[in-house]
Amino acid sequence: MRLTCTVNGQRRTVEDVDPAASLLLALRERMGLPGSKNACEEGECGSCTVYLDDQPVCACLVAAGQAEGRSVRTVEGLASGDDLHPVQQAFLDAGAVQCGFCTPGLVVAVHDLLRRDPDPTDAEIREALAGNLCRCTGYQMIIDAVHRAAAAGGRR
Ligand code: FES
Ligand code: FES
């Protein structure tokens with residue numbers, strides 16, 4: 001199929017997309033957006049989290065054909081040019097990026113959390129991020145990053 005959708009604010013058209021293949025594959029391999037990671041490709045880890053029509057989804061569980069005519073925002077779309085989004089900067093500052101495989105999905109999930117709750121408690125953070133797995137950090141640095149991002153106004 002020819003897939004046409006808006007990605008990070010730009011209208012994109014890609015030819016010869018398998019509509020049953022995942023949106024994650026289309027983003028990474030056809031649209032030059034490798035930020036969203038393919039860790040489990042089973043909806044278990046959250047590393048592929050993107051916004052689809054402003055709702056966070058696991059892109060590995062969305063068929064590419066389902067994105068037709070819709071709006072996608074990936075981790076690449078959160079930064080403003082070379083300026084990192086406050087959530088991205090907070091992850092760096094808190095040391096919450098180790099291997100980095102979980103980071104893009106977590107950044108999108110935290111971005112979504114702070115839109116809904118600009119100053120979440122530790123328990124609220126843990127609950128909101130329960131679908132995002134990290135094998136490296138033990139999560140405390142991620143929680144620290146969320147508080148830093150909240151203090152920096154992470155809702156942008
Ligand atoms: S790669 Fe999509 S949830 Fe793990
Ligand atoms: S930093 Fe390695 S999985 Fe989270």
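The values are calculated or read from the model by the stated rules, or taken from the named source; none is laboratory data. It should be emphasised that the depicted structure is a prediction, and the values quoted were computed from it without experimental measurement. Backbone-built Cβ (ideal geometry, glycine too); neighbour counts: all protein chains shown.
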Quick check: is even one residue across the range 52-64 farther than 30 Å from H147 by Cα, surrounded by 14 or more Cβ atoms within 10 Å (Cβ to Cβ) and touching a residue at least 60 places away in the same chain (Cβ under 8 Å)? yes
Restricted to the range 30-39 and to residues being without any contact (Cβ under 8 Å) to a residue 40 or more places away in the chain and within 14 Å of ligand 1 (Cβ to nearest atom), the residue surrounded by the most Cβ atoms within 10 Å (Cβ to Cβ) is N38
Going through the range 32-72 in order, the residues found to be in a helix (DSSP H, G or I) and at positive phi are none
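So which residues in the range 64-83 are modelled with pLDDT under 95 and either within 16 Å of ligand 2 (Cβ to nearest atom) or more than 19 Å from D54 (Cβ to Cβ) (or both), if there are any at all?
Our first condition is that a residue be modelled with pLDDT under 95; within the range 64-83, this holds for 79-83.
Across the range 64-83, the qualifying residues are G81, D82, D83.
Residues S80, S71, S47: which one is more than 24 Å from D16 (Cβ to Cβ), among the hydroxyl-bearing types (S, T, Y) and surrounded by fewer than 24 Cβ atoms within 10 Å (Cβ to Cβ)?
Just one listed residue meets the conditions, S80.
Just to be sure before I move on: is T6 under 17 Å from the mean Cα position of the chain (by Cα) and in a strand (DSSP E or B) in the structure I sent?
Working: under 17 Å from the mean Cα position of the chain (by Cα): yes; in a strand (DSSP E or B): yes.
Considered against the rule, which asks whether it is under 17 Å from the mean Cα position of the chain (by Cα) and in a strand (DSSP E or B), T6 comes out as yes.
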Considering residues that are more than 6 Å from ligand 1 (Cβ to nearest atom) and within 11 Å of the chain's Cα centre (by Cα), the number found within the range 40-54 is 4
Flagged in the range 65-88 as of a type outside the set (S, T, Y) and either without any contact (Cβ under 8 Å) to a residue 12 or more places away in the chain or over 17 Å from V7 (Cα atoms) (or both), in numbering order, are A79, G81, D82, D83, L84, H85, P86, V87, Q88
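Taking the range 106-154, which residues are polar (S, T, N, Q) and either modelled with pLDDT of 95 or more or under 23 Å from L52 (Cβ atoms) (or both)?
Filtering the range 106-154 down to residues polar (S, T, N, Q) leaves 121, 132, 137, 140.
Answer for the range 106-154, where residues must be polar (S, T, N, Q) and either modelled with pLDDT of 95 or more or under 23 Å from L52 (Cβ atoms) (or both): T121, N132, Q140.
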Can you spot a residue in the range 6-16 that is exposed (fewer than 15 other Cβ atoms within 10 Å of the Cβ), in contact (Cβ under 8 Å) with a residue 40 or more places away in the chain and more than 14 Å from ligand 1 (Cβ to nearest atom)? yes
Of the residues in the range 83-103 that are of a type in the set (S, T, N, Q) and part of a helix (DSSP H, G or I), the one that is surrounded by the most Cβ atoms within 10 Å (Cβ to Cβ) is T103
Restricting the range 115-140 to residues that are within 16 Å of ligand 2 (Cβ to nearest atom) and exposed (fewer than 14 other Cβ atoms within 10 Å of the Cβ), the one farthest from C102 (Cα to Cα) turns out to be Q140
